[in-house]
1. Give the number of residues within the range 152-177 that are among the hydroxyl-bearing types (Ser, Thr, Tyr) and more than 16 Å from residue 269 (Cβ to Cβ).
2. Consider residue 115 carefully, then state whether it is at pLDDT 80 or above and not in a loop (DSSP other than H, G, I, E, B).
3. I'd like the full set of residues that are in contact (Cβ under 8 Å) with a residue 60 or more places away in the chain and in a helix (DSSP H, G or I), limited to the range 156-190.
4. Show the residue pairs that are 6+ apart or on different chains and have beta-carbon atoms under 7 Å apart, the first residue being within the range 438-449 and of a type in the set (D, E, K, R), the second being outside any helix (DSSP H, G or I) and surrounded by fewer than 20 Cβ atoms within 10 Å (Cβ to Cβ).
5. Quick check on residue 479: is it at pLDDT below 90, in the same structural domain as residue 370 (by TED's automatic domain parsing) and either in a helix (DSSP H, G or I) or not hydrophobic (A, V, I, L, M, F, W, C) (or both)?
6. Which count do you get for residues in the range 134-155 that are of a type in the set (A, V, I, L, M) and free of Cβ contacts under 8 Å to residues at least 60 places away in the same chain?
7. Quick one: count up the residues across the range 54-68 that are surrounded by fewer than 16 Cβ atoms within 10 Å (Cβ to Cβ) and outside any loop (DSSP other than H, G, I, E, B).
Amino acid sequence: MLSLFPIIISFDGIYFMYHQSLMIFLGLGSVHFVLFVLLNLLGSYFIYKPIDKVFAHVGDMDVAKKRISQLTWYSSAWIFILGNLYVMIAFLPLYFFPTIFSSPENFAIEKLPPELFFYSIVPGIYFIYAVFPAFLAYFLINDFILDLKETVYKEFKILFATGKKKIGFTLFFVFLFLVFLPSLLVMLELTVALEIESKFAQFTKLSPLETVMIDRFVVFIGTILAVVLITRAFTKPINSLLRAMSTVREGDFSTQAALITEDEIGVLTKEFNAMVHGLQERELMRDTFGKYVTKDVATVILKNNINLEGEVRSCTILVTDIANYTTISEELSPKETVLMLNEYFSVLVNIIQQHKGVVNKFIGDAVFAMFNVPLDDPHHAVHAIRAALEIEKITATRTFGNKHQLTTRIGINTGEVVAGNIGSADRMEYTVIGDDVNVAARLEQLNKHYDTHILLGENTYSMAQNHFRFTELGDFQLKGKEKVIKVYTPSAPENE
């Protein structure tokens, strides 16, 4: 608020051309110094004290937030009070010290024409030195508050309420003080000046029009400053929001824009923060879900492009199991078993996902994966077999955990399944169910009978027969099933 002092002194300098008295200029300038520097400094101390205490880490944040929200009105009211004190002091010489004027006999209060005093001098001085400074103080402090709120947010992560201010009301407020009231004063001053033009010469060498022009020049200077501050009142929060948008566009969903206004821009900022928070939660879900499925699948599911209520789809199921797992786990401590399985599963999951499969669940040492669900894959049978062959090759050439060789048995089957959310209201699981799912599990177990690593059903064979060389192992009636199916084992891709 102390920055108003040089502005008001500049007004005094312009009016120096009117009264052409250095004594008046120095006298009123001294009054301004006492009011707008010394007394203003004292008032500012009490107005800003709750805020300063927070930054000193000894104050109450709720009290400080309330004071920040009321700061523009507190400051404007204080400047208005100081302006009124100045106007009262400025008129004292007319009553008690007329000798300071160049023609004291003319400036005695009883000698001044009432029209000039009450309809020209008093309204002009009151507007320029009391009303207009309070108006400037509002936007000057508002400019400071915009930076202050952003600083409070960065340091304390405190978001302010949006409030109920309206931009339209602010613009009406601006129109009233920058257009309507100055125009009203011009009409009033011109009317008075022209009516008593013959008496003007005894008070000043300036013509009535020149006198009015000086007042308008003072208001013009103040208006330029006001327009700059008013412009900043709208551009600062918009630029702050644009910076936050730029950060979000770069992928930082932890960004929250500071709520620094209480009008529609503040509401827009609040909605932006809510949107970013939603994006952050969605990204977290995608990353978390991506630990179980590929990021592409997670993204599609979260975009609601998948029917979670249940749909019939053609699907290739791949089920794996570790041969002699019980014997191996008995030789290991629980910690060693978990370490071995985590390393083993990491390899299998990576291979399955590289071939467009989705690991649906882990059951003990077994992996349950599906192809063509939930994402479309016209070559799902081929991709499942390729994944199985790569798993067989890698598990045969490396060890897991504390150098344990693991043999993987794999069953693959293709058929119609129902894909969707299965479970209770408290716990749901996106999976597939159907008879062909059970067939894949039976085929995995059948590897023990044929001493093989990969077995697949005739539906899978039909879809992939042109891509691999197969060995037909014959017809087999699966355990618990009346249906007899042909069983195959792949030997190598066709181009090998």
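The values are calculated or read from the model by the stated rules, or taken from the named source; none is laboratory data. Here the structure is a predicted model, which means the values were calculated and not measured. A quick note on method: Cβ atoms are made from the backbone with ideal geometry, for glycine too, and the neighbour counts reach across all protein chains shown.
1. First, the residues of the range 152-177 that are among the hydroxyl-bearing types (Ser, Thr, Tyr): 153, 162, 170.
If we keep only those that are more than 16 Å from residue 269 (Cβ to Cβ) as well, we get 170.
Qualifying residue count, the range 152-177: 1.
2. Values: at pLDDT 80 or above: no; not in a loop (DSSP other than H, G, I, E, B): yes.
So residue 115 does not fit the description; no.
3. Restricting attention to the range 156-190, the residues satisfying the condition of being in contact (Cβ under 8 Å) with a residue 60 or more places away in the chain are 156, 158-167, 170, 185, 188-189.
Hits for the range 156-190 are 156, 167, 170, 185, 188, 189.
4. Every condition considered, the pairs that remain are 442/478; 442/479.
5. On the way: at pLDDT below 90: yes; in the same structural domain as residue 370 (by TED's automatic domain parsing): yes; either in a helix (DSSP H, G or I) or not hydrophobic (A, V, I, L, M, F, W, C) (or both): yes.
Yes: the conditions hold for residue 479.
6. We begin by selecting, within the range 134-155, every residue of a type in the set (A, V, I, L, M); these are 134, 136-137, 140-141, 145-146, 148, 152.
Checking the rest, the ones that are also free of Cβ contacts under 8 Å to residues at least 60 places away in the same chain come to 134.
The total comes to 1.
7. From the range 54-68, those surrounded by fewer than 16 Cβ atoms within 10 Å (Cβ to Cβ) are 55-58, 60-63, 66; that's our starting set.
Those left that are additionally outside any loop (DSSP other than H, G, I, E, B): 55, 61-63, 66.
Summing the residues that are surrounded by fewer than 16 Cβ atoms within 10 Å (Cβ to Cβ) and outside any loop (DSSP other than H, G, I, E, B) in the range 54-68 gives 5.
To keep it simple, each residue is scored yes or no on (1) on the phi > 0 side of the Ramachandran plot; (2) touching a residue at least 60 places away in the same chain (Cβ under 8 Å); (3) part of a helix (DSSP H, G or I); (4) out of contact with any Leu (no Cβ under 6 Å at 6 or more places or on another chain).
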site: 339; (1), (2), (3), (4): no, yes, yes, yes
site: 345; (1), (2), (3), (4): no, no, yes, yes
site: 358; (1), (2), (3), (4): no, yes, no, yes
site: 374; (1), (2), (3), (4): no, yes, no, yes
site: 377; (1), (2), (3), (4): no, no, no, yes
site: 388; (1), (2), (3), (4): no, yes, yes, yes
site: 392; (1), (2), (3), (4): no, yes, yes, yes
site: 395; (1), (2), (3), (4): no, no, yes, no
